Amino acid sequence: MEIKKVGVVGCGTMGSGIAQLCAQSGYQVVASEMNDELLNRGLASINKILTRGVEKGRLSQQDKDATLSRIKGTTNTKDFSDCDLVVEAAIENLDLKKKIFAELDEICPKDAILATNTSCLSIIDMAMVTKRPDKVLGLHFFNPAPVMRLLEIVKTIATSDETVEVCKALGKSLGKTPVIAPDKPGFIVNRLWIPYMLHAIRLLEDGVASREDIDNAVSMGLNYPMGPLALVDLTGLDVLLFVANAIYERLKDPRYVPPTLLEKMVAAGWLGRKTGKGFYDYK
């Protein structure tokens, strides 16, 4: 099976990034949102990022125009009716995702692949509301999707080998390195990453070291591009808390229990860069 047209459900941070990536790689793209306001915001974000690429000389004006011409925005899910692959990038709510998958199953061609960008939820639960569980899998892109080089391909117990191979080829065509992960809480990256981030927060909470010293120790001592607290601010404290709780709920492993400090900061609305305050102040 050859992928020619890609649908993306959701045009927020991840959805718009996936749509941009696929369009830049030559695919026709349909990107949807619940209403015109959210859709226009997502499309404007793509335009802004591409414009910045032109200004910095990383992209020609011709390439920018060609990329935008391949993206069709819509608020009507029926526009996915001729897509070969649809990637769901809605918020992390299993009931909502199951509803989306059931709808896509009725709209999309019977041989189309349906994928989710979830970072922690059970994919087989989404697959089983469709009549094609063999064609459902996880395609977990990392933020920002056009830049990060990894693609986690998450195979459920029902996903066919053919579906996996088609998506591996797609990932490589997008410039990604695909890795195969099982449909288990956290997959590969978050299973490793979440305890590391939570432990860094505990070091700060327990007064072991300052935020700057924790981040400098990791970035300079381990040669990481940024320290864990700065990275949490970039990702979003609410995202970390949600994923940690979701994995703990499934595994009951104490390494995934969120520190009190993280819970309090989220309750205060200190979510990181997106709110102007997290472990650092961005206002």
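A compact table of results
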| quantity | calculated |
| --- | --- |
| In degrees, nearest ten, helix 189-205 long axis to first principal axis of the chain (Cα) | 30 |
| 5 angstrom amide H check on residue 154, placed H, neighbours 5+ away | 138, 139, 140, 181 |
| The range 197-266: trypsin sites (Lys or Arg not before Pro) falling in loop per DSSP and having at most 13 other Cβ within 10 Å | 252 |
| Rounded FRET efficiency, nearest 0.05, which uses the C-beta distance separating residue 60 from residue 94 and R0 of 45 Å | 0.60 |
| Percent of beta bridges antiparallel (DSSP, the chain, rounded to nearest 5) | 20 |
| Ranking by accessible area, most exposed first, for 75, 51, 156 with a 1.4 Å probe | 75, 51, 156 |
| C-alpha long axis of helix 237-251 to longest principal axis of the chain, angle in ° | 80 |
| Low-density loop cleavage sites - trypsin sites (Lys or Arg not before Pro) in the range 82-137, where at most 12 other Cβ are within 10 Å (DSSP) | 110, 131 |
| Apportionment of accessible area to carbon and sulfur, the chain, percent (1.4 Å) | 53 |
| Sequence-separation-based contact order of the chain, relative, with Cα cut under 8 Å and 6+ spacing, percent | 13 |
| Whole-angstrom gap from the range 100-165 to the range 1-78, using each part's C-alpha centre | 20 |
| Accessible area per residue in Å² at 1.4 Å probe, computed on the range 7-107 | 49 |
| Cα lying deepest toward the dipole's positive end in the range 238-283, options 240, 258, 271, charges on Cβ | 271 |
| Cross-link reach list, lysines versus residue 168, counting only Cα pairs under 25 Å and skipping chain neighbours closer than eight places | 4, 5, 72, 97, 98, 110, 131, 135, 155, 176, 184 |
| Length-normalised contact order of the range 161-283 in % [C-alpha pairs under 8 Å, at least 6 apart] | 22 |
| DSSP-defined antiparallel bridges as percent of all bridges, the range 49-197, nearest 5 | 25 |
| Answer label for Rg and Dmax of the Cα atoms in Å (calculated), chosen among [x] 17.8, 58; [y] 25.5, 93; [z] 19.2, 56 | [z] |
| Per residue solvent-accessible surface (Å²) - the range 109-205, probe of 1.4 Å | 41 |
| Cα gyration tensor shape of the range 144-259, rounded if a/c is under 1.5, else prolate or oblate by comparing a/b with b/c | oblate |
| Nearest 10 degrees, 0 to 90: helix 161-173 Cα axis against the chain principal axis | 70 |
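The values are calculated or read from the model by the stated rules, or taken from the named source; none is laboratory data. This structure is a prediction, so every number in the text was calculated from the model and none was measured. For neighbour counting, all protein chains shown are included, and Cβ atoms are generated from backbone atoms with ideal geometry for every residue, glycine included. Accessible surface is based on the protein model in full, side chains and every heavy atom, while ligands, DNA and RNA are left aside. Shrake-Rupley method; radii C 1.70, N 1.55, O 1.52, S 1.80 Å.
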